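Structure first, then comments.
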Amino acid sequence: LCRQLRLSGIDIDTQSAGSIAHSISDIADVDIRYTVEEMMTAPMQRATYFSTHAVDSRNDYRHYALNAPLYTHFTSPIRRYADVIVHRTLEASLAVYGNHVTSDHPLMPTYFSPYFPKTQAKGSLTTKRGSALVSLVPSTELLASIAHQCNLRKDAAKKAQEASSKLFLVNYLSAIAQDSDVPGVITQAVVTKLRESSFSILSPMFGIESIIYMDRMADRDNEVISTDGRKWKLHLWSVERASIKLVWKVSSPDQKTPEDQIADSLSALVIDDTQHSVVNLKCNRSADETPTQTIRIFSKLSVCIVPETNPPDISVKLAMPCINA
């Protein structure tokens, strides 16, 4: 990924999460900056809870995204069970290995009262080391099991959050599209990846990623959204080392010449029987009838975000000609 970015003139220092953040912040174009940030974070694994005794090296404690050698959840015990476990384990460890715990918190004496008889000092507790060790400090196996369950619940909550956001976005786009001449919302997208028969795009405005397939734009009539009232259909495409060249066939909505009918019945590619290979079908039309377009990584295109309500989903189609791209 970094080599690919370097070919596009973007140099990312990957020595640490901090250096990555500084490199991304130096990108002047806001849309490109957002796109690079998404491209860099996508391969990163989601942070997981674990018991320190379940890993072999302290290097595995490191939280890469936060650039921190040690990190745990602590501040939200009212909404995250992992924080509750951290609080309880820390309090119990202090009680066991420190021989006493002093606290003015009203719940602390109540929580520890079965194990630590109060002394005369306010809020002070003395320990029964043996029973506290058995009853309060979770075993390595128990902590590992709790961490695994917390990871499962966190992943489920993340999926529910994403589904909720998607449902809201579908309803929002549907409301906007009601007053539009196109079936969705026209916005700008940035190309993130090139393939033999498709390319990936990211919409910075809506944070939507999608794949545009060339064969669909060549075979289907409504796969390209027109922004100028004419009918756009992909005629040919060629894939080069770092770009894709698209050749479009443009006509009026009610225009259908014999040449168009013949062209529609032909594939964009033809088999060369002598060389047993696939070659591009040549076209001698004028440049006005067959406009060309070259797509590279970080090219900006116009796309139409199309909401689908049953079931709630979002599709992305290329919009031609490009607007402010």
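Just so you know, all these numbers are worked out from the coordinates, no wet-lab data involved. Please read all numbers here as calculations on a predicted model, not as lab measurements. So basically every Cβ, Gly included, is an ideal-geometry build from the backbone, and we count neighbours across all protein chains shown.
I need Ser93, Ser197 ordered by Cβ neighbour count within 10 Å, fewest first. The partial results should precede the final answer.
Numbers: Ser93 15, Ser197 12.
So the ranking, lowest neighbour count to highest, is Ser197, Ser93.
Run through the range 161-253 and list the GluC sites (Glu not before Pro) located in a DSSP loop whose Cβ has at most 10 other Cβ atoms within 10 Å.
Glu196, Glu240
Within the range 145-166, which residues have the backbone N less than 18 Å from the label spot 7 Å out from Ala47 along Cα→beta-carbon, could you tell me?
So the set is 147-159.
Using the structure shown, list the pairs from Lys166/Lys233; Lys193/Lys245; Lys159/Lys300; Lys193/Lys249; Lys249/Lys300; Lys231/Lys317 with a Cα-Cα distance above 18 Å, or answer none.
Over 18 Å Cα-Cα: Lys166/Lys233; Lys159/Lys300; Lys193/Lys249; Lys249/Lys300.
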